[in-house]
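*Asks:* Quick one: the structure is below, and I'll ask about it shortly.
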Amino acid sequence: MSDQDTAIGAPAKRKEDRRFLTGEGRYTDDIDLHGQVYAYFLRSPHAHARINGIDTSEAMNAPGVLAIFTGEDLAADGVGGLPCGWEITDVNGEPMKEPPHPPLAQGKVRYVGDHVAVVIAESYYQAKDAAELVDVDYDMLDAVVSPADALEPGKPLVHDDIPNNQCYVWELGDRGAVDDAFDKAAHVTRLDLVNNRLIPNALEPRAAVANYSKGEDQYTLYTTSQNPHVIRLLMSAFVLNLPEHKVRVVAPDVGGGFGSKIFHYAEEAVLTWASRKVGRPIKWTAERVESFLSDAHGRDHVTHAELALDENGKFLAMRVDTKANMGAYLSTFASSVPTILYATLLAGQYTTPAIHCQVTAAFTNTSPVDAYRGAGRPEATYVVERLVSAAGREMGLDQAEIRRRNFIPKDAFPYQTPVALNYDVGDYDATLTEAMKVADVDGFDARRQEALRRGRYRGLGYSTYIEACGLAPSNIAGALGARAGLYEAGEIRLHPTGKVTVFTGSHSHGQGHETTFAQIVSDRLGLPFDDVEVVHGDTDRIAFGMGTYGSRSLAVGGSALMKALDKVIDKSRKIAAHMLEASEADIEYADGVFKVAGTDKSITTAEIAFSAYVPHNYPLEELEPGLDESAFYDPTNFTYPAGSHICEVEVDPETGKVQVVNFTAVDDFGNVINPMIVEGQVHGGLAQGIGQALLEGCVYDPESGQLVTGTYMDYTMPRADDLPSFKVGTKNTPCTHNPLGVKGCGEAGAIGSPPAVIDAIIDALAPLGVTNLDMPATPARVWEAINKAGATRAA
Amino acid sequence: MEQAMSTTIKVNGREHTVDVDPDTPLLWVLRDELRLTGTKYGCGIARCGACTVHLDGKPTRSCVLPVQSVSGREVTTIEGLGGREAKAVQNAWSGMDVPQCGYCQSGQVMSAVGLLSDNPEPTDADIDRAMDGNVCRCATYARIRAAIHQAAADMEG
Ligand code: FES
Ligand code: FES
């Protein structure tokens, strides 16, 4: 037994790490089933083409080939399209345009990497070799890759029956009130912003192994998913039309997701379907190039935004117009990202009384775009914080000062924003004050002067962000178009020996749930941490689940466990009353011991568990044997993590190279169960946010629609020496509406950091006349901005 | 077309004879033939470090290493890792909660052990240089740096 402190709030060591440090983790590609064969997906080499025909005859004769299937085979078998889980209503009152998304292309391919056929063979190499013999007769079509282009009249149509490639136009907020406020403004700040497209690149490529067992008429799918129950639901109900109780989906260890493994992908459905056709288990693992081409990408917004202020720098109104790229098809949650998860966050931490946002979503000949770490909230934060910083610079107001003048004060909660959300609690001033202290803002001028003497420009950038996590109250989500509920399920099973198995519908792929959840259960039940095992990721073992995304696991999944724990304790109290021959009302519970008030008669949780399974003299009419309780938890509100990020950069004006020299993040995550794990999550988020700001950018060739950044040679991933050591702290106000008082921490770093980095660079280069800069701020781009500003000033 | 041939390789101190195309990268022989799945695939072009093993004690990317080139040499994978440096690294890693999703960590551990075997007191710059080829999308870099210093200190003590 470990002697470490594992109570709630203690930095318990991760249970997961033993297997990860010895190579004993079990990821999908580590699983082999007896008699398994392999799939290779033939993908479109073209961004846009009509398929006149597919001739598989030669490939079928290649060695080892068992079967080749195309979109026609799926259609003939009644296989449906991949569904979108969120319906957005257009401003004209119509539902969004929702084109069919066949798992294997039918009639047309719409992006490079689109699935054309699957070849199944005895070995992977045989399947891959045979795929080269599949003869696809394509008629090439012109491609369109950017949303702004795609929406113009006369452009190539990704879906023949969707005019102007427009998926929807959607709006939120009071346009009239915003217009009035702008009329009265003393100052208006205007910005054109690009939120660069990102490729998630979880280090574990997507993979799946599917098996159909004829004897039991049962399907099993092992897959790299953040939410196996959601995959089972979507695949069985919408795509393959199978009864759910005949489908088991297992997501074992998953090597990072960041959103990209939420979605139901074509390969999962095709493999599951084909395993029955072929009568063998089938395995597929993406090559990295397939990850680049076919994992859903993130971000990709183009925005014009305006902020109206009075003469004191008080925000009067905000106006935002965004074009969002959906890619070629609607991925599982694509439609909700630039709408529900975006426009609702435009109030930020501020009292801006009127906000209007219009979003136009476009189809393009690119990979589908969906949630990526932060999903909508980083895009919103980038708009708000870039506007606020620009307004501060334009009006000559200190960056902290303009923020403080507009913060929602800590005594104003609950606070209703003009964009639908009701913030429960927060103290924005406190995180900013703390962050400024940690970042040593007072000493910055001296550091700036010192850098200047070395010919370097230093700048500070601020981002005081908010996010909405803990998705989501099902009634609100439903009213906004969600086609699913967003609760979570959990079960606590005490065994006769006092050991505990915890079943959760949340899924851990780096977040350390096996540790954090065990801390909660062990703390609540007063049982040793080492005696608590957390099980996740298997639809046959866990009753139900909605999975992990949107920093929801602890706030929603953890709360479900708290509810189940309450039930366990309630029942234990009854058992204790019986065993101690006292009335239930006299039983007191604390730290694993049930006691008759005012006496020394007591019994432990472990003893109760034993008696629950050996009920030799139970009053069976009042007490049921066993100690196994489950619960569903549906939140009553979102949670609102918030914080202050301060970035300090140094720029070499000769090369344009930016170095992040200091990065401070002081966040409010509510109560913290395991501070070590939380800090790790913040590090990860910050790295991805800094990666977006400085390094990462997905590029499609605008003519051919080919992915230009399709390998690690062309797509720059943050590496050790790109990142500073982070200064991370918390200033927490507990969430008011969930039993743990927690808010969520997984995305904060990626949400808060990009505008802090970009504004730090702009601040550094302001003396040279630079006022705007797009992400990623690569040396070439920064150098160009410096020279352009210089030229403008010289002219 | 693959041309199978029998090749004998020594992995974790044991000899194995495998029937594969001699150009097959060692990574796939480890994973598919020897069922040593602790070594991971991330890119296949020596740009991520997930597949790092030791070849005669030196960290090497197994995804670009033809199996024929390792016959007569000692291959060590995460499953066969042992010794003072390995113990120090694994202890420091777990003490500082380094891993997140875990996928890159076999490779990180192999690279770190390689570094410490070579240089028992690395500086930050030494660490960045030695570890630069190992991508971690969960970005556990700050802790990796700290854990290597910790392991170095533990080895000394
Ligand atoms: S798989 Fe070998 S370096 Fe990436
Ligand atoms: S721990 Fe997830 S990639 Fe490194």
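Just so it is clear, none of the values below were taken in a lab; they were calculated from the coordinates. Treat the numbers as computed from the prediction; the structure is a model and nothing was measured. Cβ placement follows ideal geometry from the backbone for every residue including glycine, while neighbour counts extend to all protein chains displayed.
*Asks:* Given a Förster distance of 25 angstrom, what is the FRET efficiency for B:M5 paired with A:D135, based on the Cβ-Cβ distance and rounded to 0.05?
*Replies:* After rounding to 0.05, the efficiency reads 0.20.
*Asks:* Next question, about the same structure. At most 11 other Cβ atoms within 10 Å and a DSSP loop assignment: could you name the chymotrypsin sites (Phe, Trp or Tyr not before Pro) in region B:86-157 that fit?
*Replies:* Sites meeting the loop and neighbour criteria: none at all.
*Asks:* In a shell of Cβ-Cβ distance under 15 Å around B:S69, excluding B:S69 itself, what net charge do Lys and Arg (+1) and Asp and Glu (-1) give?
*Replies:* Net local charge, B:S69 excluded: 0.
*Asks:* What is the distance in Å between the Cα centroid of region A:208-237 and that of region A:591-615?
*Replies:* Answer, in whole Å: 42.
*Asks:* Something else: Can you pull out the GluC sites (Glu not before Pro) in region A:615-675 whose DSSP state is coil and whose Cβ has at most 13 other Cβ atoms within 10 Å?
*Replies:* A:E621, A:E622, A:E654
*Asks:* Here is a further query. Could you work out how far apart the two model spin labels at A:D310 and A:A177 are, taking each label as a point 7 Å from the Cα in the direction of the beta carbon, and quote it in nm?
*Replies:* In this crude label model, A:D310 to A:A177 measures out at 1.6 nm.
*Asks:* Moving to a separate point now. Please report the antiparallel percentage of DSSP beta bridges with both residues in chain B, rounded to the nearest 5.
*Replies:* 90 percent
*Asks:* Note down the relative contact order for region B:84-156 as a percent, whole number, built from C-alpha pairs under 8 angstrom at least six residues apart.
*Replies:* After rounding, I find 50 percent.
*Asks:* Could you please state, rounded to a whole Å, how far the C-alpha centre of region A:249-323 is from the C-alpha centre of region A:723-766?
*Replies:* Centre-to-centre (Cα) distance: 22 Å.
*Asks:* Using the Cα centre of the protein assembly as shown as origin and beta-carbon charges of +1 (Lys, Arg) and -1 (Asp, Glu), tell me which of A:V534, A:P653, B:T77 is placed farthest towards the positive end of the dipole.
*Replies:* A:P653
*Asks:* Which value does Rg/Rh take for region B:5-80 over its C-alpha atoms, Rh per Kirkwood?
*Replies:* For region B:5-80, the value is 0.91.
*Asks:* Under 10 Å from the Cβ of A:V158, count the other residues' Cβ atoms, weight Lys and Arg +1, Asp and Glu -1, and hand me the total.
*Replies:* Charge balance near A:V158 sits at +2.
*Asks:* A further question on this structure: Have a look at A:A177, A:I587, A:Q449 and report the one farthest towards the positive end of the charge dipole of the protein assembly as shown, computed about the Cα centre with Cβ charges (Lys/Arg +1, Asp/Glu -1).
*Replies:* Value: A:Q449.
*Asks:* Quick one: net charge of A:S260's neighbours, Cβ under 15 Å, K/R +1, D/E -1?
*Replies:* My count for the surroundings of A:S260 gives -2.
*Asks:* With charges only on Cβ, +1 for K and R and -1 for D and E, what is the dipole size of the protein assembly as shown about its Cα centre, in debye, rounded to 20?
*Replies:* The dipole magnitude comes to about 840 debye.
*Asks:* Could you sort B:42-48, A:78-84 so that the peptide with the highest average Cβ count within 10 Å comes first and the rest follow in order?
*Replies:* B:42-48, A:78-84
*Asks:* Compute the separation of the alpha-carbon centres of region A:131-169 and region A:390-446 and state it in Å as a whole number.
*Replies:* Between the Cα centre of region A:131-169 and that of region A:390-446, the gap is 44 Å.
*Asks:* Same structure again: Structure shown: which of A:K15/A:K727; A:K410/A:K731; A:K261/A:K727; A:K499/A:K601 lie over 18 Å apart, alpha-carbon to alpha-carbon?
*Replies:* A:K15/A:K727; A:K261/A:K727; A:K499/A:K601
*Asks:* Taking R0 as 56 Å, what FRET efficiency do you get between A:D600 and A:H34 from their Cβ-Cβ distance, rounded to the nearest 0.05?
*Replies:* Using R0 = 56 Å, I get an efficiency of 0.45.
*Asks:* Modelled label-to-label distance, A:V699 and A:V188, 7 Å Cα→beta-carbon offset: nm?
*Replies:* 3.5 nm
*Asks:* I'd like the FRET efficiency for B:A146 and A:T792, computed as 1/(1 + (r/R0)^6) with the beta carbon distance as r and R0 of 51 Å, rounded to 0.05.
*Replies:* 0.70
*Asks:* Per q in 0.05, 0.06, 0.08 1/Å, what log10 I(q)/I(0) does a Debye calculation on the alpha-carbon atoms of chain A return?
*Replies:* -0.28, -0.40, -0.70
*Asks:* Another question about this same structure. Work out how much length A:V91 to A:D217 would gain on full extension: take 0.36 nm times their residue separation and subtract the Cα-Cα distance, in nm to one decimal.
*Replies:* Difference between extended and current length: 40.7 nm.
*Asks:* Here's a follow-up. State the antiparallel share, in %, of DSSP beta bridges confined to chain A, rounding to the nearest 5.
*Replies:* 80 percent
*Asks:* Which one of A:H507, A:L346, A:T364 has its Cα pushed farthest toward the positive end of the charge dipole of chain A, where Lys and Arg give +1 and Asp and Glu give -1 at the Cβ?
*Replies:* A:L346
*Asks:* Normalised by the residues of region A:494-618, what does the relative contact order come to in percent, with Cα pairs under 8 Å and at least six apart?
*Replies:* Dividing the mean separation by the residue count of region A:494-618 yields 30 percent.
*Asks:* Another question about this same structure. Ignoring everything except DSSP H segments at least 4 long, calculate the 222 nm mean residue ellipticity for the protein assembly as shown; use -39,500 (n - 2.57) per segment, divide by total residues, nearest 500.
*Replies:* Value at 222 nm, helices only: -8500 deg cm²/dmol.
*Asks:* A follow-up question, please. Which stretch or stretches of region A:695-733 have amide N atoms under 17 Å from the point lying 7 Å from B:D118's Cα along the Cα→Cβ direction?
*Replies:* A:720-721
*Asks:* Another question, if that's okay. Over region A:487-633, what lengths in whole Å, largest first, do the semi-axes of the equivalent ellipsoid take, defined as the square roots of 5 times the eigenvalues of the alpha-carbon gyration tensor?
*Replies:* 29, 15, 13
*Asks:* With the crude spin-label approximation of a point 7 Å out along Cα→Cβ, what separation in nm comes out for A:M395 versus A:E152?
*Replies:* 3.7 nm
*Asks:* Take every Cα pair under 8 Å in region A:69-120 that's 6+ residues apart, average their separations, divide by the length, and report that relative contact order as a whole percent.
*Replies:* About 44 percent, as a whole number.
*Asks:* Throw me the Rg/Rh for region A:298-392, computed over C-alpha atoms with Kirkwood Rh, two decimals.
*Replies:* Dividing the radius of gyration by the Kirkwood radius yields 1.02.
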